[in-house]
Structure formats: structure tokens, C-alpha cells
Amino acid sequence: MTKSPHDALKNSRRVVRRGLLLGGIQLGVVMTLGLRLHGMQIKHADEYRMLSDGNSIKIRLLPPARGLIHDRKGVLIAGNEQNYRVTLTREEAGGDVESVLRRLSKLIPMSDARMEELLKEFSKERAITPIVLADRLTWEEFSSIAVNAPALPGVTPESGLSRYYPRAYDLAHVLGYVSRVSDYDLSKIENPEPVLMLPEFQIGKLGVEAKMEDVLRGTAGQRRVEVNNSGREMRELSRKEGQQGSTLQLTIDAGLQNYAEQRLGTESAAAVVIDVQTGELLCLCSSPSFDPNKFVRGISSKDYTSLLEHNHRPLADKTVQGVYPPGSTFKLATLLAGLEAGVINGGSRFFCPGHLEVGGRRFHCWRRGGHGQMDAIQSLEHSCDVYYYELAQRVGIDRIAEMARKLGIGVRHELPLSAIAQGIAPDRAWKREKYDQEWQIGDSLNAAIGQGFVLASPLQLAVMTARVATGKLIEPRLIRAIDGVPQLHEELPDLGVDPRNLKLVQAGMDAVMNSARGTARSARIVAEEWRMAGKTGTSQVRNITAAERARGVVSNEQLPWERRDHALFVCFAPYEAPRYAVSVVVEHGGGGSAVAAPIARDILLFTLAGGLPPLTAVPEAQRGEMEARHNAMKLYSPQPPKQGRSQA
């Protein structure tokens, strides 16, 4: 079809308009490029020449703020403080590290020995690895370095956060500490995060700090910076802050922990307090303690050696790592095993003449003249050994061991703590596997009174007491909340023990404290609303020979400290409605009733009262001594911190 002249004109005009539009766009692009080239080549020529002359973009990681740790009441027990430091990167120092160090030494103190140490470290590390030259600088030192930065290539003044523990000694074993990432630490991680390579970056080494490292560490941030060929930062291009680690709330009561630490004093000892309704651990106190802040800052060889060589082992967490023969506290398990097996009942009686002959060997009771006729409750009240020798022969070691494990002995309780001991609840199979020997009747008699192969930690003894007090399968807990979210626990199942048998054992523990002839009557609580039930224990750490018995057993006070008996005590209160259980072990302390029981009673009273208890809660004759002891203590009343994610 032939187009009309009108249509042809119309199409021609449309083509012309489109051509003009495209031409205009092309002209605009060309002009813009021209102006841009003019600016780069003429107006900003010097600036771009400098940027192109060896400048580069570097990514700097920003270490995250470590998560905070609070006690059950919100009191800060592990926080972060401001830390000024200076680093040097060999790659950016122009190859003359020593010269830079000499110049820096005019601004901050740096001995020749320290300089030599740093030069050796630089020779070992990669050229791109920043090395910390000094930390915990004063503001004056820090600002002086910042002002002189142009004359110090590769030197970077940094402001960051460092871990600190406000109540250093009270919670050292629970919290542990953080320290610099070592090559050994990195070797244990398959694909270590880049943040772990940062100079002087610290991770948890012990305790909650170590076991909750992934939760507390946080996520690193980063900053993009432009540096020139001498390594000096020209400008910051972008910055993304890291994410702080999670905030933990422990079940521990810092005030109670502080009281327990002072009540244990200079003893080599441990104390555990557990809430028998929830399993929450309110106190895990190991004495003596140490200052974890020294490890954060780099402990000196002298200080570390003194800790290692101390005969009271301050670095060991005795609450969960220490295992001891539980002595007569283990009689709770032996008696329950006999009652559950139906071998005895509450009225079953055995005669104690002061010893028992078995297989030509004499097994002695702690009371040389014997106790006479004993029933179940009296056996606990007087802690008669012969009663349990007789019972062990009837019930057998396998059932005793089974009950011990049911009560938490010989079981490793999972907590975010280091080197938790499993203890030993021995039976025939255990000895055969361990020593390739058959079980002997003498082994059963020793085990029945918590000696021989039996070993338990203070934590396990507290769990045992809580389970006896409630008939529930109490599991210890240490983490109360993470980032404010409560860590809920399941409803506690029954222990699977006849309540009537539990009542009988509880009555025996009540008699220990409150009967006229109870072995721990002197350490009783006289306030009826806080009536306490307990069990003493004394475990030997040496063999007493027949010759020594004949001439008279040497008292603990006459022996060297390391050969004295361990003193143990377990208890719970209130008797009618149990709320808390306590275990105390005093290494080489002597008698459980004389040494461990008063300590445990006082700690339990502090827990029940929520602070210093009234003097009227203890026997009148002891009130002056308790008042003097409390007056000598330097207790503190911790206040919860203000709300906030970061606290420096």
C-alpha cells in the first residue's frame, strides 16, 4: 500500500525528533565525562596522585564487647573496663621496627628488655599481624601517642574494653578468667574465627568464661580504612560495630558467696549451697581463692609460682574438682539402700561393742567402747560404724553403689564449669575393671562408712542431701537466664525411693542435730522455724595401725596438717519444709562435728535469713563468738547495676 504525502511527512518529523533527542543525550554524556576528566586531571590532580601512589584499602576487625555476667539478683560479677593500648604492624612500619620502637620509647616507658622481647615477637609473627606494644596506658600516654602518630609509621593507638571482675576473690573459681588466645587454643579449633587472631584478643580459659565462650564472645565488627604506603591511616571509609556477647545471669548469690568465702577463712575448704526446690546453686565457694584479674592483665611468674606451690591449692576448684572420702555422710546412702532392699526397717537393731571381727580382721567403730544396741535412727544420731558394717554384709555393695548413684554420688553433673569430677561409687564390676581384682567383704565394710574406694565432691554431697530432703531427682543448675530469657527447667521427677524410708533417714538427720546426744548438737539452729537436719563426717587420710591403737591413736592436732582427717558436714533446712541444702568439706580439718558443722550452720543461716542472721538463732553460749566473727568480716551489700547492654 502506497503511503500518502501527509503520512510520509509525519513519519519524517518523528525521525528528526528522535535523532535530536538521542544527539542531545550523547552530547550531555560527553560533556559530563569531559567535566569529570577535567576535575580529575586538573582540579584534583594532586589529591588523586597521592591516593594512587601506594594507597590501599584495609579491613580492620573490631573486637566485640564481651557479654556481661550477673548474679541471681542482677549484681555485676564480670564486666568490661576501658583499656588504652598501642599496637604496631611490621608491614606498615617501613621495615624498621626497631627505629619506631626507639621513637615510641620516648613517649611511654619501654625498657631495653621489653624492646628485645618485642623484636623477637615481631620476628616470629607474620608481617601483617599487629603486635601489642603496651596496654592499660594512661590517657596522657595514649593521647601523646595519637598526636605523634605521623612520626610513628605502623603504630596504632587503640581504645577498647578489657575484662574485669569486681568481686575478684569471691567468684574466681566459678567465673574462671579470660586470657590471651594461645597457639594451643587455636590448635583445638578447626576453623578459628578471624577475630581470634587479633592482637591480645582474650577468650575464656576456665569456669563459666570458658564453658560459655561461644555465648559471651559476641560478633566482631569491621572498619574499612585507607592507608598510604607507609601504613598510616588516611581516612576511615566505613565502620560497622560488632555485636556484644550475650548477658548471662547465674544462679549464684554474690552476697552469700562473699559471706561463705570469709566464713571459710584460711582453711583449705569448700562449701556448696543448693536450692532443693529448683536445683539452683546459690553458692560454690572454694578456699583459698585467687585474683582472676591478674590473669587478664598477664600474671607474673612470681605470682603464678606462688599459687602453684601453695599447699592449699588455691587454683583448684574444690567444689567440683575435689573428691574426698565422704566418711559418715555416706551412711545416708548405705541406710537408704538397706531400707529399700527390705534388709532392715526402722526397728532393726545391731549391737555395737566398739568393733566387728570379719575374716580375721577387726573393723573398729569411732567410739572405742562401742554404742550398744542401735536402731536405724540411732545409727545416724550417734554415727555408729558397727551398725553399718553389719548392714553392708546384708545389703551388699552393688545395692549400696546403686543407691549412691541414685543420690548423685559417682555421677558427673553437667555444669558450665571446668574439670567436673565424677567421683566413685564402687561396686564389684568397677573394681574388676579398675584393678582386675575381685571385691572383698572388707571393701564393702569400708565403703559402707564412706571410706575405701568411695569418693565424692562437695557438689555431689550437696545434691545427695537435696535429694534425701525432697525425694526429688534434683539436678544442679548454674545458668539462670541468657539475655534476660529464663532458662526454664523441667518439673523434677520423683527419686524413686519409698517416702517412708526417706522420712526415717530425715528423722535420723534431725536427731544428729537436735537430740540430746546427737553428734552435731552443738552446731544446731535453735530458731524453730529454721530447724536444721544434718550429718557429720570425718574421713581418714592415713591408715591407723594396730600398734597405734594399742598405745592410743594420735590426735589430729598432734599430726602434720597434711596427715589430719578431712572434716565434712551436710545439712538441710527448714526440716519440715526443706528449702536449702549445704555441704562443707574442710581438708585436714579434723572432726566434722567440731569444724565443718559450725561453718555449714552459719552459711545455711545466712541463706535462710537473706543476710546476717539474728544471734538468737544459735545456742546462747555461741552468740558472743558469732557476733565477734561477724564484726570482723568485711561484708558488702551489692546493688544491682543500672540497666544497659554494655558496662565499662
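The values are calculated or read from the model by the stated rules, or taken from the named source; none is laboratory data. In this text the structure is predicted, and so the values were computed from the model without any measurement. When we count neighbours, we look across all protein chains shown, and the Cβ atoms used for this are built from the backbone with ideal geometry, even at glycine.
Among the residues of the range 184-204, those that are in contact (Cβ under 8 Å) with a residue 12 or more places away in the chain and either in a helix (DSSP H, G or I) or farther than 20 Å from R90 by Cβ (or both) comprise D185, E193, P194, V195, L196, M197, Q202, I203, G204. Scanning the range 205-227 for residues that are under 19 Å from F295 (Cα atoms) and assigned to a strand (DSSP E or B) yields no hits at all. The set of residues in the range 164-183 that are in contact (Cβ under 8 Å) with a residue 40 or more places away in the chain and acidic (D, E) contains only D170.
Screening L256, L282 for residues that are modelled with pLDDT of 95 or more, in contact with a Cys (Cβ under 6 Å, 6 or more places away or on another chain) and among the aliphatic types (A, V, I, L, M) leaves exactly one candidate, L256. A count restricted to the range 261-305 and to residues that are among the aromatic types (F, W, Y) and in contact with a helix residue (DSSP H, G or I) (Cβ under 6 Å, 6 or more places away or on another chain) stands at 1.
Would a scan of the range 365-375 turn up a residue that is in the same structural domain as A447 (by TED's automatic domain parsing), aromatic (F, W, Y) and surrounded by 21 or more Cβ atoms within 10 Å (Cβ to Cβ)? No, the range 365-375 contains no residue that is in the same structural domain as A447 (by TED's automatic domain parsing), aromatic (F, W, Y) and surrounded by 21 or more Cβ atoms within 10 Å (Cβ to Cβ).
Take the range 453-477 and flag every residue that is farther than 30 Å from V541 by Cβ and either touching a helix residue (DSSP H, G or I) at 6+ places or on another chain (Cβ under 6 Å) or in a loop (DSSP other than H, G, I, E, B) (or both). The answer is G471, L473, E475. Every test in (1) under 16 Å from A260 (Cβ atoms); (2) not in a helix (DSSP H, G or I); (3) not aliphatic (A, V, I, L, M) is passed by R601 save one, and that test is (2).
With the structure loaded, tell me whether T319 is hydroxyl-bearing (S, T, Y), buried (at least 17 other Cβ atoms within 10 Å of the Cβ) and in a helix (DSSP H, G or I) or whether it fails that test. The answer is no for T319. Of the residues making up the range 203-227, just one is in contact with a Pro (Cβ under 9 Å, 6 or more places away or on another chain) and polar (S, T, N, Q), namely T219. Candidates are the residues of the range 574-598 that are part of a helix (DSSP H, G or I), in contact with a strand residue (DSSP E or B) (Cβ under 8 Å, 6 or more places away or on another chain) and not polar (S, T, N, Q); the one that is modelled with the lowest pLDDT is G592.
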